[in-house]
Amino acid sequence: MSEEKLQNLLHVSTVINPPESFVKNANVKSYEEEYKKFLDNPEVFWAEVAEELFWYRKWDKVLEWELPYAKWFVNAQTNITVNALDRHVKNGKKNKVAFFWEDEFGNEKVVTYGSLYTLVNKLANALKRAGIKKGDRVVIYMPLVIEQVAAMLACARIGAVHSVVYAGFSVPALRHRIEDAEAKMVITADVTIRRGRAIPLKQIVDEAIRDLETVEKVVVLRRLKPRVDLIGEKEIDFYKFIENEPSYCEPEVMDSEDPLFMLYTSGSTGKPKGVIHTTGGYMVGTYYSMKTVFDLKDDDIFWCTADPGWITGHSYIVYGPLVAGATQVIAEGAPNYPDFGRWWKLIEKYGVTIFYTAPTAIRMFMRAGEEWPNKYDLSSLRLLGSVGEPINPEAWLWYYKIIGKEKCPIVDTWWQTETGAVMITTIDGLPMKPGKAGKPVPGVIADVVDKEGNPVEADKGGFLVVKYPWPSMMRRIHKNPEKYESYWKTIPNCYFAGDVATKDADGYIMILGRADDVINVSGHRIGTMEVESALVSHPAVAEAAVIGKPDPVKGEAIKAFIILKSGHEPSDKLIEDLKYHVRMELGALAVPSEIEFVDKLPKTRSGKIMRRVLKAKELGMDPGDLSTLED
Ligand code: 6R9
């Protein structure tokens, strides 16, 4: 593509057609036909997908709903690990590779479906022997290693509810999640390795569970030599734990609506909330998207660069791909360590065909320069994906041109922790518009509406909503029914996602960002209130307000405004102290990149901080209605 052509693409509202060769072989031949099939009879549509999977007992009814609650595959029984493992092992795929794993040093592991099956079964037996029963919560705080995936599946095998906590979270963040879930067990590792450095996870767990009585056992994967010490009867080595266990564990028969996992995510208020997903619908929804959105075929090599600590890893490393029988690549550590060639080298080495990553990573590589990907043979790629935040047209086109060599369609997939699976994108064959996610996938009715729920005019901003239940939707928020119901109450008869968007005359949806006080830093959701409460827990801080500010690499960066307590003076040292404090309270992701000391914060008469006023001022924009401002 010439530079001139590229520049034109950036300024005209571009439409790029996927290559014909791709469309001809795609799993879904026509988006319109597939979508129509769904609209004609949603229940028949989803039943057909579900029929492809194993059930101990089939459903009496596909869907039963009374908003905001819905049940999918009513009274059906299954176990997701039977679909993810046993089904493949018994159907000739025992020796098919499930995972190629690598660390930053180039150490590799090849795990077949057969060996993953054995590991999961042994661990499931060990969990049972340790007294973990169906419905009990197990917190998994591990790096991206095979044992992490196995821990999730072992819980699912026996019906325990896993709550995976991303290994970048700090002590209080981990403690809140363990406490809120009343977890009986924590599975962790001694360390995770990032940028060649060992980060001590076990130590963080030790502190996080101090005096938490619910935690009966801590299972520790020991990777370093000499091995870290284990203390007391609570702690046990991962491999010792499973050593003498039989290699088959009878799967728990799960009702379709039994919870499969919970995952904490940031909302607009207070502490993160435990989103609960259930078994049958989540399984069917993620499986369907693997075959349609990602066009997965038996010989594909799929690489999703997320971590199972986030929903993207749950749905597109663990459950979706394994249920669909995929071969995957996973890599622990940083994308650009030891150098910016790491990811491209892995694509070449393993012949990755489908690659799924986040805009923040694409922008980082864009800055580092195309000489890095150009060193490697990326010709195995046939489909690219993006997730986590809006992808700007510049990054889209770089991804398309430099990584995909203009022959791979890009699926810009909009979805959320709460939705469980991809909701909006351009599935196989749909023309693509850089910067616009696309259309609702078959099975989803989405729209852009005003406060009353009426569709807005083409290209006008509005709220992104979903108007009909979908199988992988969250079913509850742990111990917080009001919060759950609030998703369905803001806009009449709709699920309101919290995002603002536009829809063009062709029905393409473009996500503009969050409508609430959630900041999206490198594709990770961070609540302004979480950062503010971390800041005010510092002895020098009287009040804090936090906003998201556009950032060329991270999407958004955190800026904090701070009023100091009397007796404290602004200084560079204090700024560093405050950053360190947030890192310790929440984790590195939530550290503000900018801190400004102020004397006053804009507030409503009722005392609420008006962040939008701060943001408007910061960005030189119109602050809008100021009638509720205090003075
Ligand atoms: C899967 C995931 C959800 C929020 C969501 C939105 C943003 C995700 C996006 C996107 C624009 C995309 N988001 N994908 N925005 N285009 N393709 O990221 O889940 O961590 O819960 O975040 O992320 O704002 O509401 P989660």
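The values are calculated or read from the model by the stated rules, or taken from the named source; none is laboratory data. In this text, all values refer to a predicted model and were calculated from it rather than measured experimentally. No Cβ is skipped: glycine too gets one built from the backbone with ideal geometry, and neighbour counts run over all protein chains shown. Side chains are part of the model used for accessible areas, which takes the heavy atoms of the whole protein and leaves out ligands, DNA and RNA. Shrake-Rupley method; radii C 1.70, N 1.55, O 1.52, S 1.80 Å.
Place a point 7 Å from Cα of D339 in the direction of its Cβ. Which residues in the stretch 196-236 have their backbone N less than 19 Å from it?
Answer for this model: 196-197.
List the pairs from K433/K489; K217/K554; K36/K467; K29/K439; K271/K291 whose alpha-carbon separation is above 26 Å, in the order I gave them.
The answer is K433/K489; K217/K554; K271/K291.
Would you tell me the accessible area of M366, worked out with a 1.4 angstrom probe on the heavy atoms of the protein chains, in Å² to the nearest 10?
Result for M366: roughly 70 Å² accessible.
Count the net charge of all other residues whose Cβ sits under 14 Å from the Cβ of M529, scoring Lys and Arg as +1 and Asp and Glu as -1.
+1
With every protein chain in place, what's the accessible area of T360 (1.4 Å probe, Å², nearest 10)?
20
Could you state how much accessible area R223 has, in square angstrom rounded to the nearest 10, with a 1.4 Å probe and all protein chains kept in place?
70
Once the Cβ-Cβ distance between E569 and R612 is put in as r, and R0 is 30 Å, what FRET efficiency do you end up with, to the nearest 0.05?
Computed FRET efficiency for E569 and R612: 0.55.
Rounded to the nearest whole Å², what accessible area per residue is found for the chain with the 1.4 Å probe?
Per residue, the chain has 39 Å² of solvent-accessible surface.
Got a sec? What order do L174, L586, L39 fall in by accessible area at 1.4 Å, biggest, i.e. largest, first?
From most accessible down to least: L39, L586, L174.
If I compute solvent accessible area with a 1.4 Å probe over the protein chains, what percent of it on the stretch 518-619 is carbon and sulfur?
54
Considering only protein heavy atoms and a probe of 1.4 Å, how much of the accessible area of the stretch 175-297 is carbon and sulfur, as a whole percent?
Its accessible area is 48 percent carbon and sulfur atoms.
Might you report the magnitude of the Cβ-based charge dipole of the stretch 518-619 about its Cα centre, with Lys and Arg at +1 and Asp and Glu at -1, to the nearest 20 debye?
Computed about the Cα centre, the dipole is about 500 debye.
Rounded to the nearest 0.05, what FRET efficiency is calculated for N25 and E371 with R0 set to 35 Å and r the Cβ-Cβ distance?
E between N25 and E371, to the nearest 0.05, is 0.60.
By DSSP, what percent of the beta bridges with both residues in the stretch 20-446 are antiparallel, rounded to the nearest 5?
Percent antiparallel among DSSP bridges in the stretch 20-446 is about 45.
What shape does the chain have by the C-alpha gyration tensor, where a ≥ b ≥ c are the square roots of the eigenvalues, rounded means a/c under 1.5, and otherwise prolate means a/b greater than b/c and oblate the rest?
Rounded is the answer for the chain, as its axis ratio a/c remains below 1.5.
What is the dipole size for the chain, taken about its Cα centre, with +1 at each Lys and Arg Cβ and -1 at each Asp and Glu Cβ, in debye to the nearest 20?
1000
So between K489 and R583, what do we pick up on full extension, going 0.36 nm a residue minus the alpha carbon distance?
Length gained between K489 and R583: 30.4 nm.
Taking the alpha-carbon centroid of each part, what is the distance from the stretch 416-487 to the stretch 544-616 in angstrom?
Here the two parts' Cα centres lie 31 Å apart.
Over the chain, what is the mean sequence separation of C-alpha contacts under 8 Å (at least six apart), divided by residue count, expressed as relative contact order in percent?
13 percent.
How would K489, K37 line up by accessible area, probe 1.4 Å, largest first?
K489, K37
Exactly which GluC sites (Glu not before Pro) in the stretch 370-457 are in a DSSP loop and have at most 15 other Cβ atoms within 10 Å?
Filter output for the stretch 370-457: E370, E406, E452, E457.
Residue separation times 0.36 nm, minus the C-alpha to C-alpha distance between N91 and D551: what's the value?
160.7 nm
Given a cut-off of 26 Å, name the pairs among K122/K273; K202/K273; K549/K603; K96/K202 whose C-alpha atoms lie farther apart than that in the structure shown.
Among K122/K273; K202/K273; K549/K603; K96/K202, the Cα-Cα distance tops 26 Å for K122/K273; K96/K202.
Under 16 Å between alpha carbons, and skipping anything fewer than 8 positions from K600 in its own chain: which aspartates and glutamates qualify?
Here the aspartates and glutamates satisfying the reach criterion relative to K600 are E532, E543, E569, E618, E630, D631.
Could you work out the relative contact order of the stretch 283-392? I mean the mean sequence separation of Cα pairs under 8 Å and 6+ apart, divided by the number of residues, in percent.
Result for the stretch 283-392 is 27 percent.
Calculated FRET efficiency, E182 and K37, Cβ-Cβ r, R0 51 Å, to nearest 0.05?
Efficiency, from the Cβ-Cβ distance: 0.75.
Working with all protein chains in place, sort K579, K61, K375 by solvent-accessible area computed with a 1.4 Å probe, largest first.
Solvent-accessible surface, decreasing: K375, K61, K579.
One quarter of the convex hull surface, Cα atoms only: what value does that give for the stretch 525-631 in nm²?
Reported value for the Cα convex hull: 7.2 nm².
M621 versus E233, label points 7 Å from Cα toward the beta carbon: distance in nm?
5.9
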